[in-house]
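Take a look at the structure set out below.
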Amino acid sequence: MKSSPRIALLFLVPSFFFVGLFSIFPIFESFRLSLYRLILTLPWLGEKMVGLENYTDLLSDPVARDSIRTTLIFIAVTIPLELLFGLGIALVLDQVFRGRGLLRAVVLIPWAIPTVVSSQMWRFIFNDRYGLINFLLFGADTSSYIAPLADPNLAMISIMAAEIWKTTPFAALIILAGLQGITDDLYEAAGIDGATPWQTFCRITLPLLKPALLLAVLFRTIDALRVFDLVYVMTQGGPADATNVLQFYGYKKTFPEGMVGYGSAIAVMVFLMSLVLSLAYLRAFKTSRLYGRNP
Amino acid sequence: MSNPNLIIEYRCHSEEQRDKESVFALFSGNFELPKHSRALKRMLVWLGGLLFVCAMPCLAKAAELRFVTWKSEAPEVWNQAIGDFERQNPGVKVVSEIGPQSSTQLHDLLTQKLRNRDTRLDVFVMDVIWPAEFASAGWALPLDSYFTPAEREKFLQAPVAAGQYRGQIFGVPLFIDAGLLYYRKDLLEKYNLPPPRTWPELVKTGKTILAGERDPNLVGFSGQFKQYEGLVCNMMEYILSNGGALWDEKRMVSALAEPPAQAAVRFVRDRIIGEISHRGVLAYEEPESLALFTQGQAIFHRNWPYAWSVASDAAKSKIAGKVGMTPLPGFSVGRGVATLGGWQLGISRFSQKPDLAWRFATFMSGPEIQKRIALATGRAPTRLALYDDPEIAKKIPQLKSLLKTFNQAVPRPRTPVYAPLSNIMQRYFSSVLALPNTGVNERAALAARDMNRVLDLLRERQTP
């Protein structure tokens, strides 16, 4: 039976409508707003078209520059560790053992807990007086207790630790799916050829996992670029702006300060950064797929 | 025309058109019952019924008042007060929406609603730092015709002034906050030391007691030094009591880089945090700093009036009965400065029931409710008469002696751009305190420059 293009279009309309309304329109609206100077609390200044002024301000704003740097460091530290731990967990969960199903479910818990809740939990863990970290490090010796969230470097490390704990299960899940796509004959063949487990891992598992790993990196990067809730709950960007990631800075400008134009410029900046990174990864992803097909 | 789909489509189309025509006839009054009148009649009945059902909630909502607030420390008192209001005003239903406790987060929620001109918001609680912003943005209703000068006389002057912006008033004071010094009466008596009247004296007293107690868990001072709004409140008290200022209100320029302001910031970094407190305070808001004090682990503590009832409540505090409360020290005797805080009730400009909203606001800020809240939570009332109330005096004995402190409490800059100014100040204070090797001078100059850039926006009004 021939399919009618008109009917097909009709069925597509709802999806176009929703994508347009909830994703394309906001992006364009943010972009439009970012070209204006719009300050909610000073309505008499009106909506003044300023061209790219918000963007030039952004590039010369030392707070924004620090914020971009903080965000990139955050990505560069958390993602490799998440992948490493995720790979370890996935390799374990790929083995056959009793209670594997249960363990697979349990591993996902950190990822399933709403971030606001787990951030609050981590805030308690890092508390300077009754936090678990201090107890584990120093026991009853309260005089050497440290205050991780009060120190600029340690606060950043604390946020990273919480992020790694929270999203490693997600990386593990994707990698596990990749592992299960590798057929057993390859391992059997390697065994017959007398390959050591390490050789098998390096020559078979890792190359065939590349697409899954790249996918995990892609998702995690886009997500980490937009990190917000951990910072919002745990540090509010402090101390000394040490955890003032880009998305949090954008929020502070747009909502508490009402600087909608400038805040939108930051939002567009985050969007562009994730777009560029995604495209770069997708390119790498494509070549690796080809490579996978013709080994 | 061999495609059956098209035929069906065509039929549907023509039927639809016929329906449209009859509906048109219905609305234009050219309405004679056609042949299929029964179907139409049924449709009419359904339509009427539907309209009625849709309108019903609106009818019922005629006297519904939307109130956005935080969760009170004594929700039962709060709910009881709302219940009383509903009883006194039959047919009125107050729907409370409980927002976040944090001022900054509640601000997000409220400005979201106000920016969208949400008519489902009538009355809201308002931090004393918001009226200028809400007035300038056109979100808060001026209350001058309701809140008469005679009525204002019955309140403390500082919070009434905080509700004003450019000659109009936008808030009714609900309770007043001012920074106070709490101290361990028992420890000071043990070492035979008086409550300190200057900051250097406080450091000295703290060091003496710390040296004598040799308790590794004890710190000399606990305050709020996290990078958030409370940091500005705390730092302002040191700066102003040293003769400095956050900004010059007349010239509308920052005063952070002036020598007295810088000296006060250095004092906090080197002496308060450096000598008698611990670095943990750099992550403290009110609850954490108060917990340290009520656990008996701090000699001195800076907080708002409510901390008194928490610290004196044996169920919540290990030091109940051992607590003293006094005005904050200054850099010279008698020159202490308290930051003005507290909450007001505001009415949305988009409210469709401003009269009813006002009745609710006066009721909730009335003497009876303020008294109940003061007794239950220790929040300091804004009505002068309550400072002579025997029941309150019994519960909070020092309250009357603090009246002067409350009246002289200094508001934070009253300007619609307070939020950006505050973020700049928070960044500056937090950087200087958390990074001990930073140059105060350079950071202060940077912060002052940023503040002036924001303040310049206000000047554009004169030269449109």
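Read-outs: derived from the displayed coordinates by stated rules, not from any lab. In this text, all values refer to a predicted model and were calculated from it rather than measured experimentally. Reconstructed Cβ throughout: ideal geometry from the backbone, glycine too, with neighbour counts over all protein chains shown.
How big is the charge dipole of chain A about its Cα centre, in debye rounded to the nearest 20, if each Lys and Arg gets +1 on its Cβ and each Asp and Glu gets -1 on its Cβ?
On the way: 23 positive and 20 negative charges, 181 e Å.
Magnitude of the dipole: close to 880 debye.
Dipole of the stretch A:57-293 (Lys/Arg Cβ +1, Asp/Glu Cβ -1, origin at the Cα centre): which of A:68, A:179, A:169 lies farthest to the positive side?
Of the options given, the answer is A:179.
Once you keep just the Cα pairs under 8 angstrom separated by 6 or more residues, what percentage relative contact order results for chain B? Before the final figure, lay out each step's value.
Working: 726 pairs, mean separation 104.5, N = 464.
Reported as a whole number, the value is 23 percent.
With a cut-off of 8 Å between alpha carbons and a minimum separation of six or more residues, what is the relative contact order of the stretch A:22-118 in percent?
Details: 33 pairs, mean separation 11.9, N = 97.
Computed over the stretch A:22-118, the figure is 12 percent.
Report for the protein assembly as shown the percent antiparallel among DSSP-assigned beta bridges with both residues inside it, nearest 5. Numbers along the way, then the final one.
Working: 31 of 45 bridges.
The antiparallel fraction comes to roughly 70 percent.
Peptide A:126-136: average number of partner chain Cβ atoms within 10 Å per residue?
Mean partner shielding for this stretch: 2.
Considering the Cα trace of the stretch A:213-291, what is its radius of gyration and what is Dmax, both in angstroms?
Every Cα atom of the stretch A:213-291 included, Rg and Dmax give 15.3, 50 Å.
Helix-only mean residue ellipticity at 222 nm, chain B, DSSP H runs n ≥ 4 weighted -39,500 (n - 2.57), per residue, nearest 500. What is it? Write out the running numbers ahead of the final one.
Numbers: 19 runs with 220 residues, N = 464.
When only DSSP H runs of four or more count, the value is -14500 deg cm²/dmol.
Would you mind working out the magnitude of the charge dipole of the protein assembly as shown relative to its Cα centre, with +1 at each Lys and Arg C-beta and -1 at each Asp and Glu C-beta, to the nearest 20 Debye? Spell out each step's value before the answer.
Working: 80 positive and 66 negative charges, 123 e Å.
The dipole of the protein assembly as shown has a size of about 600 debye.
Using the Kyte-Doolittle scale, which helices in chain A average at least 0.0 and also have C-alpha atoms spread 24 Å or more along the helix axis, with helices defined as whole DSSP H runs?
A:62-94, A:152-180, A:206-225, A:260-293
Using a ≥ b ≥ c from the Cα gyration tensor of chain A (square roots of the eigenvalues), is it rounded, prolate or oblate, where a/c under 1.5 gives rounded and otherwise the larger of a/b and b/c decides, a/b for prolate? Let's see the in-between values first.
On the way: a/c = 2.22, a/b = 1.20, b/c = 1.86.
Because a/c hits 1.5 or more and a/b fails to exceed b/c, chain A counts as oblate.
Under 15 Å from the Cα of residue B:185, which aspartates and glutamates turn up, not counting those fewer than eight places away in the same chain?
B:213
For chain A, calculate the relative contact order in percent as a whole number, restricting contacts to Cα pairs under 8 Å that are 6 or more residues apart.
Relative contact order for chain A comes out at 27 percent.
Give the span of the protein assembly as shown's Cα atoms along each principal axis, as three whole-Å numbers ordered largest to smallest.
Here the Cα extents, ordered largest to smallest, are 103, 94, 57 Å.
Where the centre of each part is set by its Cα atoms, how far does the stretch B:391-418 sit from the stretch A:226-278, in angstrom?
So the two Cα centres are separated by 36 Å.
Give me Rg over Rh for the stretch A:81-199, both radii from the alpha carbons and Rh done the Kirkwood way, two decimal places.
On the way: Rg = 19.3 Å, Rh = 16.9 Å.
With Rh from the inverse mean 1/r over Cα pairs, Rg/Rh is 1.14.
Counting Lys and Arg as +1 and Asp and Glu as -1, each charge on the Cβ, what is the dipole of chain B about the Cα centre in debye, to the nearest 20? Please report the intermediate quantities before stating the final value.
Numbers: 57 positive and 46 negative charges, 53 e Å.
It works out to roughly 260 debye.
Taking every alpha carbon pair in the stretch B:194-272, what does the distance histogram look like in 5 angstrom bins from 0, in percent?
3, 14, 20, 22, 17, 11, 7, 3, 2, 1
Give me the Debye-computed log₁₀ of I(q)/I(0) at q = 0.20 Å⁻¹ for the stretch B:228-328, equal point scatterers on Cα only, no solvent, two decimals.
Each listed q maps to, in turn, -1.05.
Choose one of B:385, B:205, B:172: the residue whose Cα lies farthest towards the positive end of the charge dipole of the protein assembly as shown (beta-carbon charges +1 Lys, Arg; -1 Asp, Glu; about the Cα centre).
B:172
Compute log10 of I(q)/I(0) for the stretch B:161-295 with the Debye formula, placing one identical point scatterer on every Cα and leaving out solvent, at q = 0.09, 0.14 Å⁻¹, to two decimals.
At q = 0.09, 0.14 Å⁻¹ the computed log10 ratios are -0.34, -0.76.
Suppose we flag GluC sites (Glu not before Pro) only when DSSP calls them loop and at most 15 other Cβ atoms lie within 10 Å. Which is the longest uninterrupted stretch of chain B?
Details: sites that count: B:32, B:153, B:249, B:460.
Here the longest run is B:250-459.
Among B:347, A:267, A:118, which residue has its Cα furthest toward the positive end of the charge dipole of the protein assembly as shown, with +1 on Lys/Arg Cβ and -1 on Asp/Glu Cβ?
Sorting the options by dipole projection puts first B:347.
Please state the shape class of the stretch B:346-464: rounded when a/c is under 1.5, otherwise prolate if a/b exceeds b/c and oblate if not, all from the C-alpha gyration tensor.
Oblate.
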